[in-house]
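A short worksheet on the structure shown next.
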Amino acid sequence: MTATDPDVIDVLTTDHREAEELVAQITTTADAEQRRDLTDQLIAELVRHSVAEEMFVYPAMRDHLPNGDQAVEHDTQEHKELETLMKQLEGADTGSAEFDDALGNLRRVLLDHVRDEETDQFPQLRAHIPAAKLIDLKEKVELAKKVAPTRPHPSAPNSELFHKLVGPGVGLVDRLRDHLTNRPT
C-alpha cells in the first residue's frame, strides 16, 4: 500500500463521473427502452454510492472534518432528495414530461452534491485523514457497494447503523427483484 494507491476519494470521484455520463446518455437517447435501462443503471449506481458514503465516508467526515456534522447533514439531505427523484424516475414513463422534469431535477441536485464533495469535502478529507486510512475506506466502500440496495427507498433512514444492519437484506431483495425483472444494474 503506497500513497499513490487509489483511495476512497478516487473511487467516489469515478462514481461521480459515471453518474454524470449516464445522465448525459439518458438525456440524448430517444429510444424508450434504452432510456429505461440507462435510468435503472443510474438509479442502482447512485443508491449503492449513497449507501456506501453513509456507511463509511460520513462517519469519517464527522470524526475528522472541522465542519463534519454540518457537511454530513447537508449531504444526507441531498441524498434524501435524490432518492425521492429516483423513485419518481423509477415509476415514470421515459417519454413523459414527469420523467424529464425528475431527470432535470436529479441532474441539478447531483451536480450540486458532486461540486460540494469534490471542491470542499474531498480536499478536507485528504488534508485530515492519513492516506492509509483513505485506502482502507476505499476497500470498505467497494465492499459496501456490492451488498447495498439497488433501488431507492426514500422512507428508509439514511444512517450508518440502518445500512449496516438492514441494508444487506434490503440489497439482497433488490437484487433478486432486479434479476426476476431483468432490470440492468
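The values are calculated or read from the model by the stated rules, or taken from the named source; none is laboratory data. What you are looking at is a predicted structure, and each value in this text was computed from that prediction instead of being measured. Every residue, glycine as well, gets a Cβ built from its backbone with ideal geometry; the counts of neighbours run over all protein chains shown.
Is at least one residue of segment 160-180 of a type in the set (Gly, Ala, Ser), more than 23 Å from residue 21 (Cβ to Cβ) and crowded, with 18+ Cβ neighbours inside 10 Å?
Yes, the conditions are met somewhere in segment 160-180.
I'd like to know if segment 73-91 contains one or more residues that are among the charged types (D, E, K, R), in contact (Cβ under 8 Å) with a residue 60 or more places away in the chain and more than 23 Å from residue 164 (Cα to Cα). Scanning segment 73-91, I find at least one residue that is among the charged types (D, E, K, R), in contact (Cβ under 8 Å) with a residue 60 or more places away in the chain and more than 23 Å from residue 164 (Cα to Cα), so the answer is yes. Taking segment 1-32 as the range and being of a type in the set (D, E, K, R), surrounded by fewer than 19 Cβ atoms within 10 Å (Cβ to Cβ) and at pLDDT 95 or above as the test, the residues that pass are 10, 17, 18, 20, 21, 31. Restricting the search to segment 86-101, which residues are hydrophobic (A, V, I, L, M, F, W, C) and over 22 Å from the mean Cα position of the chain (by Cα)? Across segment 86-101, the qualifying residue is only 97.
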